[in-house]
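Enquirer: Here it is, the structure in full.
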Amino acid sequence: MTVRKGKKLTISIQEHMAIDVCPGPIRPIRQISAYFPRLSPTAEPISPNPASPLALSPGVGASGGTSRALLSPLQAGARGGGGTLSAASSIETSVDICSSDSDDSTALGTLEFELRYEKATSSLHCTIIRAKGLKPMDFNGLADPYVKLHLLPGACKANKLKTKTVRNSLNPVWNETLTYIGITEEDMHRKTLRLSVCDEDKLTHNEFIGESRVALRRVKPDQTKRFYTCLEHPPPLPSPTAMGAALRGISCYLREWENEQMTSLEERGRLLLSLQFVPPPAEGEAEGRRGGLYVGVLRCAHLAAMDVNGFSDPYVKTYLKPDVKKKSKHKTAVIKKTLNPEFNEEFFYEISLSELVHKTLEVTVWDYDLGRSNDFIGGVCLSCHVQGDALRHWMDCLRNKGQRVERWHILTNELPQTTCHD
């Protein structure tokens, strides 16, 4: 309040603070309910017209210019909807929010790459070509980008591939091919490839720039497919506390379903086996290879890490059971500190075809630990009494006598009851 003392005009401290802090008209703060309107299925559609009159919020008077400043975002046309908004108006509101400086509208850059799946070799070739317009991550306005690949579900260190790092560039060119081995047709239908672009920092931890995800079912066998994708932020899992009752229930269900799927699809690695049954030579024929079953342990891929350093010391054991004489055990050499070992060893079982039909071949992969018991990584059983790829591999070996049949097998984390622990 102003006070006049003679010819000198004084201003109170309250008026002084009001003038400095609030130089213009005070605008009302929008409530959070304005951004999440409740849509009614019976409400009539409303055309988003800026010139249309607005309804007053409950408890706000309708007199004077002050009432127009305290208007709510609800439009007056939704009288029958009980204070609801149409789908058009809600979309307009969300677009207006995203058009601000939110993370969704931030340009992270684009990534160009190619994918090719070779069915004969069960390999997936990922060629990282280039990236453009990456987000600057360093103080000099540039970045040191590289790309790392993961297969989902089951992303871990065993299936991570990484390109080289391009220094001080926002438009890096790699032209580098990374190959996944042991990828079956089932993997191509249910797995997703995640390509993450990161910035390498020598002094601190590496920074994440953006990612792109591609469902492998989009890639046809023996055909090269090129992708041009925009990098995105990782999809966040919505918090149940920030949604309504219905969405909260759906979110909890999806979270439990995702955890169940990850558990059921947990893999211990892959094993490439070759089987060959050679019939015994007939009388009068020149003796070649001995008659029996040849089991080739070629290599493993994406094994589970059993040691604290993130690796394993794997080796493979084979049994042909039932083994009454306890002489069917064979063991490969130990490959140190790797999750993708190559063995290329072959074992021989002298047995006839009539006896082999009633046998079961058990192949187990172990992690060698010095001074204590070895850790079981995974195993697979092949016989006439199993299902899936193991049965098909076994039957192909019995039908195609004298031919070497190779196939990748998914290792299970259940230890067969008849397998020894030595």
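The values are calculated or read from the model by the stated rules, or taken from the named source; none is laboratory data. Since this is a predicted model, take the numbers as computed values, not measurements. Positions of Cβ are generated from backbone atoms using ideal geometry, with glycine treated the same way; all protein chains shown enter the neighbour counts. For accessibility, only protein heavy atoms count, side chains too; no ligands or nucleic acids. Shrake-Rupley method; radii C 1.70, N 1.55, O 1.52, S 1.80 Å.
Enquirer: With a Förster radius of 60 Å, plug the Cβ-Cβ distance of residue 404 and residue 138 into 1/(1 + (r/R0)^6) and report the FRET value to the nearest 0.05.
Expert: FRET efficiency, residue 404 to residue 138: 0.70.
Enquirer: Of the cross-linked pairs 132/202; 191/331; 202/225; 119/331; 321/401; 327/401, which ones have a Cα-Cα span greater than 26 Å in the structure shown?
Expert: Pairs exceeding 26 Å: 191/331; 202/225; 119/331.
Enquirer: If you don't mind, another one. With a cut-off of at most 11 other beta carbons within 10 Å, and DSSP calling the residue loop, which chymotrypsin sites (Phe, Trp or Tyr not before Pro) in region 115-156 qualify? Please list them.
Expert: 139
Enquirer: Another question, if that's okay. Take residue 222 and residue 282, extend 7 Å from each Cα along the Cα→Cβ direction, and tell me the distance between the two endpoints in nm.
Expert: 3.5 nm
Enquirer: Assuming 0.36 nm per residue, please report the length gained on full extension of the stretch residue 206 to residue 107 beyond their Cα-Cα distance.
Expert: Length difference between fully extended and current span is 33.7 nm.
Enquirer: Which of the peptides 200-209, 267-276 is most tightly packed, and how do the rest follow, judged by the mean count of other Cβ atoms within 10 Å per residue?
Expert: So the order, starting with the most tightly packed, is 267-276, 200-209.
Enquirer: If you keep only loop residues by DSSP, which trypsin sites (Lys or Arg not before Pro) in region 104-158 have at most 14 other Cβ atoms within 10 Å of their Cβ?
Expert: Passing both the DSSP loop test and the Cβ count: 119.
Enquirer: Based on the Cβ-Cβ distance from residue 189 to residue 213, what FRET efficiency comes out when R0 is 22 Å, to the nearest 0.05?
Expert: It comes to 0.90.
Enquirer: Taking the Cβ-Cβ separation of residue 384 and residue 230 as r and a Förster radius of 56 Å, what is the calculated FRET efficiency to the nearest 0.05?
Expert: With R0 = 56 Å, the Cβ-Cβ based efficiency is 0.65.
Enquirer: On to the next question. Along region 158-166, what does the Karplus equation 6.51 cos²θ - 1.76 cosθ + 1.60 (θ = phi - 60°) give for ³J(HN,Hα), rounded to whole Hz, x for Gly and Pro?
Expert: Coupling constants for region 158-166: 5, 10, 8, 10, 9, 8, 6, 9, 9 Hz.
Enquirer: I've got another one for you. Can you give me the % of accessible surface on region 282-422 that is carbon or sulfur? Probe 1.4 Å, all protein chains present, nothing else counted.
Expert: Roughly 49 percent, rounded to a whole number.
Enquirer: For the peptides 212-224, 333-345, what is the packing order when you average, over each peptide's residues, the other Cβ atoms within 10 Å and list the highest mean first?
Expert: The most tightly packed comes first, giving 333-345, 212-224.
Enquirer: Please compute the modelled spin-label separation between residue 414 and residue 156, points set 7 Å along Cα→Cβ, answer in nm with one decimal.
Expert: Calculated label separation equals 1.8 nm.
Enquirer: Per residue of region 338-354, what does 6.51 cos²θ - 1.76 cosθ + 1.60 with θ = phi - 60° give for ³J(HN,Hα)? Whole Hz please, x for Gly and Pro, Karplus curve as stated.
Expert: With the stated coefficients, region 338-354 comes to 7, 10, 9, x, 10, 9, 6, 10, 10, 10, 10, 10, 7, 7, 8, 5, 5 Hz.
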